[in-house]
1. Can you spot a residue in the range 22-31 that is of a type in the set (Gly, Ala, Ser) and surrounded by 17 or more Cβ atoms within 10 Å (Cβ to Cβ)?
2. Considering only residues that are within 16 Å of Asp93 (Cα to Cα) and of a type in the set (Val, Ile, Thr), look in the range 49-80 and name the one that is farthest from the chain's Cα centre (by Cα).
3. Determine the pairs where a residue that is within 15 Å of Gly41 (Cβ to Cβ), located within the range 54-70, has a partner that is surrounded by fewer than 12 Cβ atoms within 10 Å (Cβ to Cβ) with Cβ atoms under 7 Å apart, the partner being 6 or more residues away or on another chain.
4. Only residues that are surrounded by 11 or more Cβ atoms within 10 Å (Cβ to Cβ) and not aliphatic (A, V, I, L, M): list them for the range 1-16, please.
5. Give, as residue ranges, the strands (runs of 3 or more DSSP E) completely inside the range 5-100 that count at least 2 residues that are out of contact with any Ser or Thr (no Cβ under 6 Å at 6 or more places or on another chain).
6. Sort out which residues of the range 87-108 are closer than 29 Å to Pro67 by Cα and of a type in the set (D, E, K, R), and write them in order of number.
7. So how many residues does the range 58-95 have that are surrounded by 13 or more Cβ atoms within 10 Å (Cβ to Cβ) and either among the charged types (D, E, K, R) or touching a helix residue (DSSP H, G or I) at 6+ places or on another chain (Cβ under 8 Å) (or both)?
8. Within the range 42-57, restricting attention to residues that are at pLDDT 95 or above and not aliphatic (A, V, I, L, M), which residue is surrounded by the fewest Cβ atoms within 10 Å (Cβ to Cβ)?
Amino acid sequence: MANSFKNYTKKEIGTTLTDVYTVGGTTTSVVIGITLANRSGNQINCDLILNVSSGDDVYLIRNIPIPNGSSFEWMAGNKLVMEASDKLQVKSDAASSLDVAISVLEQT
């Protein structure tokens, strides 16, 4: 079993639910960090959703406010295990306003 640390990023996310990270078909991932950054000139509100391929989709963050020029670290020392085909999805309440960085340990 190979282990690899990886980063996944997506910039200028807006009001459409956007896939930021999808676990590969033969992979298990441990998410070790998620940062949401406001790139707009105003406060934005964001959602982070765990889309589970074999179960219920759940909000990890619902409508979190991020002030102008700020970022929000969701993990804060915790871990999230994801299985094959699970997804992390995000959206903002303003167009092209959100950058996302996700750090994972992938086991293949």
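The values are calculated or read from the model by the stated rules, or taken from the named source; none is laboratory data. Just so it is clear, the structure is predicted and the values come from calculations on it, not from any experiment. Because the Cβ atoms are built from the backbone with ideal geometry, glycine has one as well, and the counts that use them run over all protein chains shown.
1. So the first thing to find is which residues in the range 22-31 are of a type in the set (Gly, Ala, Ser), and the list is 24-25, 29.
Filter again for surrounded by 17 or more Cβ atoms within 10 Å (Cβ to Cβ), leaving 29.
Within the range 22-31, one or more residues are of a type in the set (Gly, Ala, Ser) and surrounded by 17 or more Cβ atoms within 10 Å (Cβ to Cβ).
2. Looking at residues that are within 16 Å of Asp93 (Cα to Cα) and of a type in the set (Val, Ile, Thr), I get Ile66.
3. Correct list of pairs: Asn68/Gly41; Asn68/Asn42.
4. Of the range 1-16, the ones surrounded by 11 or more Cβ atoms within 10 Å (Cβ to Cβ) are 4, 6, 8-15.
Residues satisfying the conditions are Ser4, Lys6, Tyr8, Thr9, Lys10, Lys11, Glu12, Gly14, Thr15.
5. Values: elements: 18-22, 28-38, 44-51, 58-66, 71-73, 80-82, 87-92.
Qualifying strands (runs of 3 or more DSSP E): 18-22, 28-38, 44-51, 58-66, 80-82, 87-92.
6. Applying the first criterion (closer than 29 Å to Pro67 by Cα) to the range 87-108 yields 87-104.
If the condition is that a residue be closer than 29 Å to Pro67 by Cα and of a type in the set (D, E, K, R), then Lys87, Lys91, Asp93, Asp99 are the ones that fit.
7. 5
8. The qualifying residue surrounded by the fewest Cβ atoms within 10 Å (Cβ to Cβ) is Asn42.
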